[in-house]
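Structure, as structure tokens:
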Amino acid sequence: MIDDILLIKKLGFNMVRKHAKVENLRWYHHCDRLGLLVWQDMVSGGRKPFQPIMSGPLFLKGFTVPDSLYHLLGSQDEQYRKDFEAQLTEMIHTLYNCTSIAMWVIFNEGWGQFDAQRMLGLVRSLDGSRTIDPTSGWYDQKIGGFSSRHVYFKAYRHTPDPLGRVVILSEFGGYAYREEGHDDQEEIFGYKKFFDRKAFADAFFDLYADQVVPAKQKGLAASVYTQFSDVQQELNGLVTFDRLSVKIDEVIALQVAALLLGAQE
């Protein structure tokens, strides 16, 4: 855990979005101690969402549905909704005193999403001290303080939120490059694939230089690269699954961090 956190900081990052899981309390302790911010997701739930509803936002700008239509988003089971609410409450109570946590993320990309307005009110009542992203990625219900965007298959071009909310790029990148001998997966999954270490590094740098830095200059408040490490099913990490090889050169990562620090509004 400590090695991961130190490597994340060494590569110039100051925050981790803890997505799809809740960590052991010891992990948060080390984030507190070593100085790494955390955006904490509630674990996604629900049934398998209805297609093509879940793919719509990837290809149709502004595509959305009301999250009161439970069956479209896989949240039609009443017991699931009760369990989600209870476990969301328990997660916040459990992690409340972890000083590294800067944001609660309630729903991700519509997976099992329901009643986001009410869930936002619940989280605010449990913890009024932190920022909250009620709907990360899509199925924005035009609530809360953030316009939270996920962009993978096209270039990110920044536009202000019509409602005046803070714009965050809460997922992007996902570039895949496999270093042989560090995983046992049959297929490479990533949003863009590279087969050469230099090409991977150049693309990572250009992604920030051409898209993220100009977006920051226009008002983008935060960005979350997908992702730190290779995981089961995905080889789009900056470090291999076994942690024995860092796929992105440290000098490139630090050049990107310097670009971001120097990009003023």
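Is there a residue being assigned to a strand (DSSP E or B), crowded, with 18+ Cβ neighbours inside 10 Å, among the small types (Gly, Ala, Ser) and over 16 Å from the mean Cα position of the chain (by Cα) anywhere in segment 123-146?
no
For segment 182-203, which positions are farther than 25 Å from Leu260 by Cα and either surrounded by 13 or more Cβ atoms within 10 Å (Cβ to Cβ) or in contact with a Ser or Thr (Cβ under 9 Å, 6 or more places away or on another chain) (or both)?
Of everything in segment 182-203, those that are farther than 25 Å from Leu260 by Cα and either surrounded by 13 or more Cβ atoms within 10 Å (Cβ to Cβ) or in contact with a Ser or Thr (Cβ under 9 Å, 6 or more places away or on another chain) (or both) turn out to be His182, Asp183, Gln185, Ile188, Phe189.
What is the residue count in segment 14-36 for residues that are closer than 22 Å to Glu109 by Cα and in contact (Cβ under 8 Å) with a residue 40 or more places away in the chain?
Let us first name the residues in segment 14-36 that are closer than 22 Å to Glu109 by Cα, namely 15-23.
Subset that is in contact (Cβ under 8 Å) with a residue 40 or more places away in the chain: 15-17, 19-20, 22.
So the count comes out to 6.
Can you say whether Leu11 is touching a residue at least 60 places away in the same chain (Cβ under 8 Å) and in contact with a strand residue (DSSP E or B) (Cβ under 7 Å, 6 or more places away or on another chain), as far as the supplied structure shows?
For Leu11, the condition - touching a residue at least 60 places away in the same chain (Cβ under 8 Å) and in contact with a strand residue (DSSP E or B) (Cβ under 7 Å, 6 or more places away or on another chain) - is not met.
Out of the residues in segment 204-221 that are within 15 Å of Leu259 (Cβ to Cβ) and aliphatic (A, V, I, L, M), state the one that is farthest from the chain's Cα centre (by Cα).
Looking at residues that are within 15 Å of Leu259 (Cβ to Cβ) and aliphatic (A, V, I, L, M), I get Ala209.
Please work out which one of (1) in a loop (DSSP other than H, G, I, E, B); (2) within 21 Å of Leu36 (Cα to Cα) is the condition Leu259 fails and give its number.
(1)
With the requirement that a residue be closer than 16 Å to Met15 by Cβ and of a type outside the set (Phe, Trp, Tyr), what does segment 224-248 give you?
Once the filter is applied, which keeps residues that are closer than 16 Å to Met15 by Cβ and of a type outside the set (Phe, Trp, Tyr), segment 224-248 yields Val224, Thr226, Gln227, Ser229, Leu238.
Considering only residues that are among the polar types (S, T, N, Q), within 21 Å of the chain's Cα centre (by Cα) and assigned to a loop (DSSP other than H, G, I, E, B), look in segment 85-114 and name the one that is surrounded by the most Cβ atoms within 10 Å (Cβ to Cβ).
That would be Gln113.
What do you reckon, is Arg178 crowded, with 16+ Cβ neighbours inside 10 Å and without any contact (Cβ under 8 Å) to a residue 40 or more places away in the chain?
no
What number of residues within segment 151-170 are over 13 Å from Leu220 (Cα atoms) and either of a type in the set (D, E, K, R) or not in a loop (DSSP other than H, G, I, E, B) (or both)?
Total satisfying the criteria: 2.
Give just the number: which of (1) part of a loop (DSSP other than H, G, I, E, B); (2) at negative phi; (3) at pLDDT 95 or above does Glu187 not satisfy?
Against the list (1) part of a loop (DSSP other than H, G, I, E, B); (2) at negative phi; (3) at pLDDT 95 or above, Glu187 comes up short only on (3).
State yes or no: is Gln117 of a type in the set (S, T, N, Q), in a strand (DSSP E or B) and either surrounded by fewer than 20 Cβ atoms within 10 Å (Cβ to Cβ) or in contact with a Lys or Arg (Cβ under 6 Å, 6 or more places away or on another chain) (or both)?
Values: of a type in the set (S, T, N, Q): yes; in a strand (DSSP E or B): no; either surrounded by fewer than 20 Cβ atoms within 10 Å (Cβ to Cβ) or in contact with a Lys or Arg (Cβ under 6 Å, 6 or more places away or on another chain) (or both): yes.
Criteria not met by Gln117.
Identify, from the list Arg81, Arg47, the residue that is charged (D, E, K, R), modelled with pLDDT under 95 and surrounded by 15 or more Cβ atoms within 10 Å (Cβ to Cβ).
Among Arg81, Arg47, only Arg47 is charged (D, E, K, R), modelled with pLDDT under 95 and surrounded by 15 or more Cβ atoms within 10 Å (Cβ to Cβ).
The values are calculated or read from the model by the stated rules, or taken from the named source; none is laboratory data. What you are looking at is a predicted structure, and each value in this text was computed from that prediction instead of being measured. Glycine also receives a Cβ, built like all others from the backbone with ideal geometry; neighbour counts cover every protein chain displayed.
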